[in-house]
Each structure stands twice: as C-alpha cells, then as structure tokens.
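A.B. asks: Let me give you the structure first, and then I'll get to my questions.
Every number here is computed from the coordinates shown, using simple stated rules; none is lab data. Everything quoted here is computed from the prediction, not taken from an experiment. Counting neighbours? That spans all protein chains shown, and the Cβs are built from the backbone with ideal geometry, glycine included.
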Amino acid sequence: MEAYVLLHKSGKYKDYQEGLKRFVFNKLGYVQRNTFERAAIINALMDEVIAEGKGIFNVKMGNAVVSSPGTYTVTTNEVALQNLGAGISIIAIEEYESDASNSQSNGIKLATSFQVAGKDSMRVHAGNIVPLRVQATVSKYQKYLVLNVPIPAGCQIVSKPQGGGNETAREYFADHVVIYFEGLSKGTYYFDFYLLPQFTGDLTLMPAMMEQMYEPEFFGREARKRVVVD
C-alpha cells in the first residue's frame, strides 16, 4: 500500500498504478486484514478522491439522490441503490428485533446446558455447584473469534480459571464471561463454567453467542432457555 501511495504521488507509471491499486485495495473486506490496515487503506483512498475533486457520498436511492450522510427511512419492501460518487463502498444496515427464542447459525453452532450426573439438564439444585457447558461447532477455520456466555441471575461463578490451548484470553464479569481466540480450526469445542445457584425458582439462561470479530456475519447464537432451580 505504501508503494502505491508513493507511486501515485509521483504522478508516474500510470499503468503500474492501476494494477497495484487493484491488488492492494480490491480485498478490503478480506478477513485477515486488521482494523489498522483497513483504516490506512480507506485514508489513502479518501486522499485520492479529495485530490481529484470527486464527491465522496453521492447515492441514488430509488428516485432520490442523496448527497449527505444521515438517516433515511425506506417505506417500501425493496429499494434500488446506485453509487454515483467516487467508488467508496456503501454499507446498508438493517435493524430489527431479534427473536432470542430460536437459535441461529451461520458457520458456528452453539449448544448450552447444565451438566447434572454427566447428562444435559436444565434443572439444577440450589446450593450445589454445577457446570454450565457450552458446545461450539465451527464449520471452518476462522481467525479472531469471540465467545460471550451469559451467566443466569442468581448464579455465582465459583471458579475463574484462565483457559489455555486455543484461547487467547478470558474475561470474567458478574453476569457473563468473554473468551477470545486468535484462531480456531474446524471442529467441536467444549467450555465449562462452574456455577453456584443460590436461589430456587425459574431462571432465564440468555443466549450464548460466538462470532468472528471483523466479519460478524460468521456467527452462532444459542436460543434463550428456561432453567428450573429447586
């Protein structure tokens, strides 16, 4: 990238510039680029766009042309977007209420349950330490994954070991645990968290979730579950 920037500023070797530009910039969304590299690429493109006097944000949305960033509401089921600007990418974000009662999987499948007498169970006893097990099945090798495991209300974490092996780091909070991975190969992994249920009643086990930090569309989420403590 630095070679391209220097070559572009020199104003020479236009043919080489185009080839180098395609090589460096066309894979901006590739998973192995970190945040610093992506920011540097975007800055280089922005400087070039400003120098050439092109509009950075100029989008045709339906029949309207939008030239400034902002919040725009679409009332139809479909809308056509056309970039009229300098080739900067458009990011479309859809917001909706997620149904946590169902699990979701795109490359990662999660299953969560308590382990009672060596079997999966959603019924535990107050005052007895019981492991909460998360099973994660990863469909292919991925880098920079994060696993978030909620802890049910009324349960106390009694053991806080730092994981080894594939784990990079663990963070323990009162209501959840976060585990970071630099990379995980295809396969199934198990994570146990030893909890002490303190009160009887019905508890809600919120969904565990694992995702690729820089490509979050590769993810898995467990369903919300009911836990009986007697």
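A.B. asks: With the requirement that a residue be outside any strand (DSSP E or B) and more than 25 Å from residue 122 (Cβ to Cβ), what does the range 157-191 give you?
C.D. replies: Within the range 157-191, 162, 164, 165, 166, 185, 186 qualify.
A.B. asks: Restrict the check to the range 180-191 and report whether at least one residue is within 18 Å of residue 226 (Cα to Cα) and among the charged types (D, E, K, R).
C.D. replies: Checking the range 180-191: not a single residue is within 18 Å of residue 226 (Cα to Cα) and among the charged types (D, E, K, R).
A.B. asks: Inside the range 147-190, can you point out the residues that are in contact (Cβ under 8 Å) with a residue 40 or more places away in the chain and polar (S, T, N, Q)?
C.D. replies: Once the filter is applied, which keeps residues that are in contact (Cβ under 8 Å) with a residue 40 or more places away in the chain and polar (S, T, N, Q), the range 147-190 yields 148, 156, 185, 188.
A.B. asks: I'd like to verify a number: residues in the range 210-227 that are outside any loop (DSSP other than H, G, I, E, B) and closer than 11 Å to residue 113 by Cα, how many?
C.D. replies: 3
A.B. asks: I'd like to verify a number: residues in the range 111-156 that are part of a loop (DSSP other than H, G, I, E, B) and surrounded by fewer than 18 Cβ atoms within 10 Å (Cβ to Cβ), how many? So that I can check it myself, show each step before the final result.
C.D. replies: Going residue by residue through the range 111-156, those that are part of a loop (DSSP other than H, G, I, E, B) are 117-118, 122, 125-129, 139-141, 151-154.
When the remaining residues are screened for being surrounded by fewer than 18 Cβ atoms within 10 Å (Cβ to Cβ), the result is 117-118, 122, 125-129, 139-141, 153-154.
Of the residues in that region, 13 qualify.
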